[in-house]
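Report on one structure; see the data block that follows.
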Amino acid sequence: MDMNIPANVTRMEPFFQNLISQEITLQEDEVKLANHRLKNVLLELTERKMKTIDETFQELYCQPIFVGSYYENLRVGHPNEFDINLELRLPISNSNIMIETSKTEPGFAKIKVNKKFHPHVSQAVINKIESWLDDGYMCKDKILQWLQGIVDKVIRNMEWPDDMTVTRSMSGPAVTLNVTYNDKEFSVDFVPVFTFGCDKWPSQPLRQLRRIPRTFRTDNLKWCVVPKAPRNRTSSTHEWRMSFYTFEVQIMKDLGNMKPVIKIMKLLRDKQNWVNLSSYYIKTLFMLEQERMKNEPNFWRRSISYLFMHMLGRLVQCLHEGKIDFFWDHRSNLIAHLRPEEIINMHGAVKRLRTRLVNALALTDVDLREELERLFTPPSCNPRNRRRRRHIGCGFHR
């Protein structure tokens, strides 16, 4: 596809630089406040209480894994929603855990367990884990119910500070804590995940490690399974969504202007109300582009204006084709669930907007800044008052 990027595209650069510094970059005091909230709610209160309330949780729980746009430095808007994977590991050797992907939806896996527990594990914990199994397969719904029960006990028994109230809700694969703290509201999504190292990497056709378009150490990285069913098989209890969040962080690390342009695209999405374009779809577009441009090491060092127009063109192309491939398994189309008219309408809207910018750049009598300001406003001014589309503990929504 000819991206048709005008030679004078950098005329937009001052606007984008100001947009990043004034509207997109989180302020230092906001970051400090957000970290303080999490430290108080998760580390000092909830996590410790969950361990004392439930013996199985204490046995399986390893650590919190902070995921999502806030921790990737891709957050647009105030930091008031946090995503935390609760890393769990079965007290069973890896050789007795099988990852099956041959008869699942693309991007999903079944976890089969041989019940050879480590000698130190109590019978009560063994009984609980066995109750999660169906014909040897881990049932994600039972584990979500287990975590929900623990969180409910914590909320009932915890002595919260006087200036804090906490309620619980469910959101997809997450148990959500809705918190009011010092008259400020925020939420924390707890997602139970089971993690594995590269020695348990799923087989093809899933993307293999040698096909990752960057070189980095993988020996300490983990991937995980998240309790989310395929969209077309919501009743499936054995299939878990595979998540490669830590690998995605490495793929996108220190790539020049990639992250600023992602944030600009997300802000534009919010302003234009492209509600079917999730943050993970945008992130995936950029990871796929990194694969295309892996032999051009300076590509992401181009101007923000150039990269923005290039990636806007790439989005037009994908919508025209009606697919955004899942980076880890190209058999999976992330937008396959959308109705054809939804894709057609979004394609038309994105194409018209990009053409409008190309035309504005071609006309010297057009106030380019005014044209751009009509397209972009800070999220706080946007009437999009819906809760964001939920990820599954890895930034992935399908």
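Only one of 219, 189 is open to solvent by 40 Å² or more (accessible area, probe 1.4 Å) and acidic (Asp, Glu); which?
219
Which members of segment 125-150 meet the condition of being β-branched (Val, Ile, Thr) and closer than 12 Å to residue 237 by Cα?
Answer for segment 125-150, where residues must be β-branched (Val, Ile, Thr) and closer than 12 Å to residue 237 by Cα: just 143.
In segment 322-345, what count of residues is obtained for those that are free of Cβ contacts under 8 Å to residues at least 24 places away in the same chain, open to solvent by less than 40 Å² (accessible area, probe 1.4 Å) and part of a loop (DSSP other than H, G, I, E, B)?
Residues that pass the stated criteria total 1.
Of all residues being free of Cβ contacts under 8 Å to residues at least 60 places away in the same chain and in a loop (DSSP other than H, G, I, E, B) in segment 256-302, which is farthest from residue 372 (Cα to Cα)? Just the residue, please.
Among residues in segment 256-302 that are free of Cβ contacts under 8 Å to residues at least 60 places away in the same chain and in a loop (DSSP other than H, G, I, E, B), the one farthest from residue 372 (Cα to Cα) is 295.
For a quick check of your reading of the model, give me the residue pairs whose first member lies in segment 142-166 and is within 15 Å of residue 48 (Cβ to Cβ), whose second is of a type in the set (Lys, Arg), with beta-carbon atoms closer than 8 Å and at least 6 apart or on different chains.
So the pair list comes out as 151/168; 154/49; 155/168; 157/49; 158/49.
How many residues are open to solvent by 40 Å² or more (accessible area, probe 1.4 Å), in a loop (DSSP other than H, G, I, E, B) and touching a residue at least 40 places away in the same chain (Cβ under 8 Å) if we restrict to segment 223-255?
Final tally of qualifying residues: 5.
Can you tell me how many residues in segment 49-81 are open to solvent by 60 Å² or more (accessible area, probe 1.4 Å), under 30 Å from residue 23 (Cα atoms) and in a helix (DSSP H, G or I)?
Here the count works out to 1.
Write out, first by first residue and then by second, each pair whose Cβ atoms fall under 7 Å of each other, whose residues are 6+ apart or on separate chains, and whose first residue, in segment 174-191, is over 14 Å from residue 78 (Cβ atoms) and free of Cβ contacts under 8 Å to residues at least 60 places away in the same chain while the second is among the charged types (D, E, K, R) and open to solvent by 10 Å² or more (accessible area, probe 1.4 Å).
Note: pairs meeting the criteria are 175/168; 176/168; 182/163.
From the list 93, 131, 69, which one is small (Gly, Ala, Ser), without any contact (Cβ under 8 Å) to a residue 12 or more places away in the chain and over 16 Å from residue 51 (Cα atoms)? If you could, list the steps in order and put the result at the bottom.
Working: 93 fails: without any contact (Cβ under 8 Å) to a residue 12 or more places away in the chain; 69 fails: without any contact (Cβ under 8 Å) to a residue 12 or more places away in the chain.
Just one listed residue meets the conditions, 131.
Quick one: which of 353, 319, 357 is within 30 Å of residue 226 (Cα to Cα), at pLDDT 90 or above, of a type outside the set (Gly, Ala, Ser) and assigned to a helix (DSSP H, G or I)?
Numbers: 353 fails: within 30 Å of residue 226 (Cα to Cα); 357 fails: within 30 Å of residue 226 (Cα to Cα).
Going through 353, 319, 357 in turn, the sole match is 319.
For segment 271-283, check the following and say yes or no: at least one residue is surrounded by fewer than 22 Cβ atoms within 10 Å (Cβ to Cβ), of a type outside the set (Ser, Thr, Tyr) and on the phi > 0 side of the Ramachandran plot.
Scanning segment 271-283, I find at least one residue that is surrounded by fewer than 22 Cβ atoms within 10 Å (Cβ to Cβ), of a type outside the set (Ser, Thr, Tyr) and on the phi > 0 side of the Ramachandran plot, so the answer is yes.
Filter segment 92-135 down to the residues that are charged (D, E, K, R) and within 28 Å of the chain's Cα centre (by Cα), then identify the one that is most open to solvent (accessible area, probe 1.4 Å). Break it down stepwise before answering.
From segment 92-135, those charged (D, E, K, R) are 100, 103, 105, 110, 112, 115-116, 128, 130, 134-135; that's our starting set.
Imposing the further condition that a residue be within 28 Å of the chain's Cα centre (by Cα) reduces the set to 100, 103, 105, 110, 112.
Numbers: 100: 61, 103: 174, 105: 35, 110: 49, 112: 68 Å².
The extreme case among them is 103.
Name the residues in segment 146-176 that are within 23 Å of residue 240 (Cβ to Cβ) and part of a strand (DSSP E or B), would you?
Within segment 146-176, 168, 169, 170, 171, 174, 175, 176 qualify.
The values are calculated or read from the model by the stated rules, or taken from the named source; none is laboratory data. Keep in mind that what you see is a predicted model, and the values were worked out from it rather than measured. Heads up, the Cβs are rebuilt from the backbone with ideal geometry, glycines too, and the neighbour counts pull from every protein chain shown. Calculation scope for accessible area: heavy atoms of the full protein, side chains included, ligands and nucleic acids excluded. Shrake-Rupley method; radii C 1.70, N 1.55, O 1.52, S 1.80 Å.
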